[in-house]
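Heads up: the structure comes next, in structure tokens.
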Amino acid sequence: MRITTRAVSVALLAPLALAACSSSDPGDGGEGGTTDAGACEPSDGAVELEFTSWIPGIEGVVDVWNEENPDIQVSVQTGPNGNGGTYQNFFNQLEAGNAPDLGQIEYDALPNFRVQDGLENIGVCEDVAAAQDQFVDWTWAQASLGEEGALYGVPQDTGPMAMFYRSDLFEENGIEVPTTWDEFATAAEQVRETGGYITNFSQADINQFAGFVWQANGSWFANDGEAWTVDLDSPESMEVAAYWDDLIERDLVSTYPGWTTEWDNAYNSGEVWSWNSAVWGANSIATGAPDTAGSWSVAPSPQWGEGEQSAGNWGGSTIAVLKGSEHLYEASQFALWLNTSEEALTMLNEEANLYPATTAGLELPVLSEGVEFYGDQAIYDVFAEASTQVSADFVWGPTMTQVYNDVSDGFAGAISGSGTLPEALTAAESSTVAALEAQAIPVAE
């Protein structure tokens, strides 16, 4: 679902620019200004907060908080995922002045809410600022949007990427598990000789492709405090696109639409041997390819350069306080507890397979155990290491739904033989600039 956004004037955007910007008066409390630190004070009396999320089982976690905090009660409403309708509901509610106090917002959607002045700056809350060292560095950078002393959502979960692979098939066929993308291309040729495919490239999984670019130290956007730079066809992006374009052209990867029966069958039958995906992909493979239980392993993602140690990220969310909440202190306290408490993090992992954004969360006992589907390998050790190798420099833009749609359309055309992946990125860059200008969002020359 495409998010419809309200136009943002240049005058409004200037103080809302997202990289190392400074607002006019930090205490003015006005539109576009930084939240007044004095606003983060405890309220008098009991407080009731509204929270919207799409996390499975979140109600049970909130019940634990409510039992332990009788004076700060949280009512939770669940709905579809962000782009499935919840973000549009948030925008409608913000415009009507009746948004919930707290909402789940993914990292790549935060800039969209920020340029529309839809978020409270919880970085002014003392307890929030003091918690920074509890989180993996790059997650705080994603949630602060490059603004000194700011935070627009408490990091909740992450999606560090690694390679799921059929260790039995690689071993049976004498094919080395690739450690670089050059080796991956060579292995792709060897796998194809057996009649299989080393992996699947889906035109719809643009977040996965962004993760590949992220790993290659590329970024799609930048903001200098005055205007946005759009760089979808950066050298790193074009190199990654050319790499996958070559594999597609040589029929070395399958191109089934992701999250479909065909996709599941390809993995369940052994036609496709690996998937470079995020930590949450462990459950996707286990449910989509049940006949292959015990035959999978996880290894670090292949590297773009020999000896490098870099990882991409695919997914992850924050818990943000939406503009207009009258209980910034209490809302921030709940958001911190939800994402730092060992009890809450354990429940979120067990109920929804969320992978924590805190350094302590990466060491939860539940994440140190061997996983039966993966031959009892302690697969989360691989992802814990990958999480420390994700760059903090990747920047999302304020119109990501449009970007995903346009890149996906271009990739679909390339897969069907009309154009190439690099050409799709160049076309999407042009359409993204047009989309920003149409909303009066300044674009760098």
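The values are calculated or read from the model by the stated rules, or taken from the named source; none is laboratory data. Since the model is a prediction, treat every value here as computed from it, not as a measurement. Counting neighbours? That spans all protein chains shown, and the Cβs are built from the backbone with ideal geometry, glycine included. Remember, those area values only see protein heavy atoms, side chains included, never the ligands or the DNA or RNA. Shrake-Rupley method; radii C 1.70, N 1.55, O 1.52, S 1.80 Å.
Per-structure values
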{"item": "The range 325-348 residues that are assigned by TED's automatic domain parsing to the domain that holds VAL124, paired with ones that are of a type in the set (Ser, Thr, Tyr) (beta carbon under 6 Å, 6 or more apart)", "result": "HIS327/SER43; ALA331/SER325; THR340/THR358"}
{"item": "Residue identified as among the acidic types (Asp, Glu), touching a Ser or Thr at 6+ places or on another chain (Cβ under 9 Å) and surrounded by fewer than 20 Cβ atoms within 10 Å (Cβ to Cβ) among ASP251, ASP246, ASP291", "result": "ASP291"}
{"item": "Cβ-Cβ under 6 Å pairs, at least 6 apart or on other chains, the range 255-267 side closer than 17 Å to THR292 by Cβ, far side outside any helix (DSSP H, G or I) and open to solvent by 40 Å² or more (accessible area, probe 1.4 Å)", "result": "GLU262/TYR256; TRP263/TYR256; ALA266/TYR256"}
{"item": "GLY375 vs. criteria modelled with pLDDT of 95 or more, in contact with a Gly (Cβ under 8 Å, 6 or more places away or on another chain) and at negative phi", "result": "no"}
{"item": "Where a residue in the range 231-245 is of a type in the set (Phe, Trp, Tyr) and its partner, wherever it lies, is at pLDDT 95 or above and buried (at least 20 other Cβ atoms within 10 Å of the Cβ), with Cβ under 7 Å and at least six apart", "result": "TYR243/TRP181; TRP244/PHE201; TRP244/LEU421"}
{"item": "Sole residue being at negative phi and open to solvent by 50 Å² or more (accessible area, probe 1.4 Å), chosen from GLU363, GLU429", "result": "GLU363"}
{"item": "Residue that is surrounded by the fewest Cβ atoms within 10 Å (Cβ to Cβ) [pool: residues in the range 212-235 that are assigned to a helix (DSSP H, G or I) and out of contact with any helix residue (DSSP H, G or I) (no Cβ under 6 Å at 6 or more places or on another chain)]", "result": "PRO235"}
{"item": "Filtered residues of the range 367-425 (kept if in a helix (DSSP H, G or I) and among the aromatic types (Phe, Trp, Tyr))", "result": "PHE373, TYR374, TYR380, PHE383, TYR404, PHE411"}
